[in-house]
Amino acid sequence: MGWSVTPPLPREEAVAGAGGLATLAGGTGFYLKALFEGLFAEPPLDPARRARLGGLDDRRLLRATAKTVLASLVMAVGVWGFLTLAPTSGAFVRGLGGIAIGAGLFGLTALALRIEEAHRLIGLIQLRRAE
């Protein structure tokens with residue numbers, strides 16, 4: 001059994017243009033409503049507000065990704081070192097120790113690399129303590 005809608009949606013045209021057939025599978029009529037009518041009217045984008053908020057530019061995104069990858073590598077090496085030094089410890093100790101060391105090393109590295117979210121998290125924790 002197939003359904004056809006006239007006129008086709010842009011996505012369907014793209015699929016058909018690539019030699020394929022668009023197929024919709026789902027549970028309720030909600031999927032059909034979302035596909036054909038949308039769920040809400042989007043407000044127009046405000047370029048001035050986006051610029052003021054510091055939108056994601058390529059260099060900023062690449063720098064943040066590189067810092068996160070470096071912090072992840074430090075975390076991985078630290079956890080690997082811990083597991084290498086504690087091969088006979090129980091699974092519980094190795095599991096919790098690996099989590100604690102990994103989280104600690106990632107957090108310290110993120111702070112050292114001045115990852116913005118790490119500093120925000122520290123600020124939020126300090127606010128909670130002050131309350």
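Can you name every residue in region 17-50 that is surrounded by 10 or more Cβ atoms within 10 Å (Cβ to Cβ) and either outside any helix (DSSP H, G or I) or modelled with pLDDT under 65 (or both)?
20, 22, 24, 26, 46 - these are the residues of region 17-50 that are surrounded by 10 or more Cβ atoms within 10 Å (Cβ to Cβ) and either outside any helix (DSSP H, G or I) or modelled with pLDDT under 65 (or both).
Kindly list the number of the only condition in (1) modelled with pLDDT of 90 or more; (2) loosely packed, with under 13 Cβ neighbours inside 10 Å that fails for residue 53.
(1)
Could you go through region 107-123 and let me know if any residue there is touching a residue at least 24 places away in the same chain (Cβ under 8 Å) and acidic (Asp, Glu).
yes
If you go through region 78-115 one residue at a time, how many are surrounded by fewer than 11 Cβ atoms within 10 Å (Cβ to Cβ) and assigned to a helix (DSSP H, G or I)?
The first filter runs over region 78-115 and keeps only residues surrounded by fewer than 11 Cβ atoms within 10 Å (Cβ to Cβ), leaving 84-85, 87-88, 90-92, 114.
This time we only want the ones that are assigned to a helix (DSSP H, G or I), so: 84-85, 91-92.
Qualifying residue count for the region: 4.
The values are calculated or read from the model by the stated rules, or taken from the named source; none is laboratory data. What you are looking at is a predicted structure, and each value in this text was computed from that prediction instead of being measured. Because the Cβ atoms are built from the backbone with ideal geometry, glycine has one as well, and the counts that use them run over all protein chains shown.
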